[in-house]
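J.: Let me give you the structure first, and then I'll get to my questions.
The values are calculated or read from the model by the stated rules, or taken from the named source; none is laboratory data. This is a predicted model, so every value here is computed, not measured. Heads up, the Cβs are rebuilt from the backbone with ideal geometry, glycines too, and the neighbour counts pull from every protein chain shown. Protein only, heavy atoms only, side chains kept; ligands, DNA and RNA dropped before computing areas. Shrake-Rupley method; radii C 1.70, N 1.55, O 1.52, S 1.80 Å.
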Amino acid sequence: MTSADVRVLIVEDDPGIAGSLGRGLTRAGYRTQIAGTVADALAADPCDVVLLDLGLPDGDGVELCVSLRARSDAAILVITARVEEPDRVAALDAGADDYIVKPFGFAELTARIRAVLRRSRITDTHLLTHGRLRIDTRTRQVTSGGQEVTLTPTEFDILECLATDPGRVVARQEIIERVWNTRWYGPTRVLDVHIAALRRKLGDPAAIVTVYARGFRLGEVR
Ligand code: CA
């Protein structure tokens with residue numbers, strides 16, 4: 001992954017600081033978006049790294065950190081003033097990956113972004129994510145928006161099958177072969193039963209899309 005593929009969300013209410021960070025990171029090849037409030041940060045597009053200023057006008061930065069951590073695997077880099085040490089500690093406890101103290105140089109910032117990305121790549125290789133969905137293939141745990149979803153082993157295997165390459169249509173036969181580990185030439189109606197259960201447990205019928213005469217793909221999980 002080059003910096004051109006890395007999406008950075010800048011959560012900063014000072015337009016001057018946000019603008020200069022945004023311009024600098026864009027020049028360095030990152031894709032950036034800026035959120036000036038807690039509400040904007042929660043409504044932002046998915047990203048790989050969050051630069052999070054803790055002092056925000058409409059809410060608590062530490063609580064925002066908890067919410068962001070619950071809904072995504074983005075690396076969170078907290079930006080604090082030196083006087084905010086208790087907040088900084090609270091932010092790390094709330095799931096932030098690292099922090100950087102103002103004032104900081106741009107080279108230090110990009111070095112820390114690269115470092116948190118490296119760490120998250122290494123530790124998260126067993127994690128499949130798609131929107132609000134997190135699938136841990138090692139512990140076989142699934143969460144949606146931070147809420148645990150309890151699946152049967154078969155349901156988990158089907159979901160893993162679809163989530164390995166989200167968006168790709170996976171043929172019914174391929175799912176049957178991968179999940180039941182067998183060549184099955186009979187009716188594949190059994191698959192529909194499990195898919196229906198998965199949709200119900202994920203709380204959204206659109207979570208798994210039926211592609212007529214082809215198979216299934218993962219949809220947006222809301
Ligand atoms: Ca601020």
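J.: To the nearest 10 degrees, how steeply does helix 189-202 sit against the main Cα axis of the chain, on a 0 to 90 scale?
T.: 30 degrees
J.: What does the extension gain come out to for Thr152 and Leu92, with contour length at 0.36 nm per residue minus their alpha carbon separation?
T.: Extra length available between Thr152 and Leu92 comes to 18.2 nm.
J.: Here's a follow-up. Tell me the label-point distance for the pair Ala70, Lys102, using the 7 Å Cα-to-Cβ offset, in nm and rounded to one decimal.
T.: My value for the distance between the label points is 2.7 nm.
J.: Still on this structure, I have one more. How high is the relative contact order of segment 3-123, given as a whole-number percent (alpha carbon pairs under 8 Å, six or more residues apart)?
T.: RCO, segment 3-123: 21 percent.
J.: Leaving out ligands and nucleic acids, note down the accessible area per residue over the chain with a 1.4 angstrom probe, in whole Å².
T.: That works out to 52 Å² per residue.
J.: Compare the peptides 6-16, 200-210 by average per-residue count of other Cβ atoms within 10 angstrom and give them in order, highest first.
T.: So the order, starting with the most tightly packed, is 6-16, 200-210.
J.: Next question. To the nearest µm²/s, what D does Stokes-Einstein give for the chain at 25 °C and 0.890 mPa s, using the Kirkwood radius over alpha carbon pairs as Rh?
T.: 129 µm²/s
J.: I've got another one for you. Could you give the nm distance between label points at Val211 and Asp60, where each point is 7 Å from its Cα heading toward the beta carbon?
T.: 4.5 nm
J.: Let me ask something additional. Would you mind telling me the share, in percent, of accessible area of the chain contributed by carbon and sulfur at probe 1.4 angstrom?
T.: Reported share for carbon and sulfur atoms: 52 percent.
J.: Stick to the Cα atoms of segment 127-218, pair each with every other, and give me the Kirkwood hydrodynamic radius in Å at one decimal.
T.: 13.2 Å
J.: When only DSSP loop residues count, what trypsin sites (Lys or Arg not before Pro) in segment 70-153 have their Cβ near at most 14 other Cβ atoms within 10 Å?
T.: When the trypsin sites (Lys or Arg not before Pro) of segment 70-153 are filtered for loop state and at most 14 Cβ neighbours within 10 Å, Arg138, Arg140 remain.
J.: Any idea how far apart Arg23 and Ala171 come out in nm if each label point goes 7 Å out from Cα toward Cβ?
T.: 5.4 nm
J.: Over all distinct alpha-carbon pairs, what is the Kirkwood Rh of segment 3-54 in angstrom?
T.: 10.7 Å
J.: At 0.36 nm per residue, and after removing the present C-alpha to C-alpha distance, how many nm does the segment from Ala196 to Leu42 gain when stretched out fully?
T.: 52.5 nm
J.: Pairs of Cα atoms under 8 Å, at least six residues apart: use those to get the relative contact order of the chain, whole percent.
T.: Computed over the chain, the figure is 13 percent.
J.: Work out which chymotrypsin sites (Phe, Trp or Tyr not before Pro) in the chain are exposed loop sites (DSSP not H, G, I, E or B, at most 13 other Cβ within 10 Å) and give the longest gap free of them.
T.: Numbers: sites that count: Phe104, Tyr185, Tyr212.
Longest gap between qualifying sites, sites excluded: 1-103.
J.: Now for a separate question. With everything on Cα atoms, drop me the angle between helix 106-123 and the longest principal axis of the chain, reported from 0 to 90° to the nearest 10.
T.: Between helix and principal axis, roughly 30 degrees.
J.: Further question on the same structure: For segment 127-218, what's the relative contact order in percent, using C-alpha pairs closer than 8 Å and at least 6 residues apart?
T.: Answer for segment 127-218 is 26 percent.
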